[in-house]
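To keep things clear, I will list the structure first and then write my remarks on it.
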């Protein structure tokens, strides 16, 4: 039986898809930011992988661990998006769009992890 869809899983999946498309787009533009592209690809897709994995966690602590890793990856992804913008690989409009999505995921993951920590400690 499939689990019902949940917001953070869906958003992180869509974000991973955007990251893949962004990297492919920048590679096609012959961007010289190869290292940054590899890093943002890895961290940006890892968010979704960890949120998906959290759905089958063995315990509340395991669930928290997976989402904490996803949060760390989201923060790293934001760093690399900032670097791509600073290097002028992304336009202001492109940057704002993908950065806003990343910030939204960070906020969701922060809220979820704080709630779970409260339940574990309380």
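Table for the structure above
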item	result
Angle in degrees between helix 7-28 and the longest Cα principal axis of the chain, rounded to the nearest 10	20
Segment residue 30-residue 49, extension gain: residue separation times 0.36 nm, minus the distance between their alpha carbons	4.1 nm
Peptides 36-44, 114-122 ordered by average Cβ neighbours within 10 Å, highest first	36-44, 114-122
Added length on full extension, which subtracts the Cα-Cα distance from 0.36 nm per residue, residue 60 to residue 100	11.5 nm
Angle between the chain longest axis and helix 92-121 axis [Cα atoms, degrees, rounded to 10]	20
FRET efficiency, residue 20 to residue 121 (Cβ-Cβ, R0 41 Å, nearest 0.05)	0.65
The range 7-121: mean projected area of Cα convex hull, nm²	6.7
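Every number here is computed from the coordinates shown, using simple stated rules; none is lab data. Please read these numbers as outputs of a predicted model, since none were measured by experiment. Every residue, glycine as well, gets a Cβ built from its backbone with ideal geometry; the counts of neighbours run over all protein chains shown.
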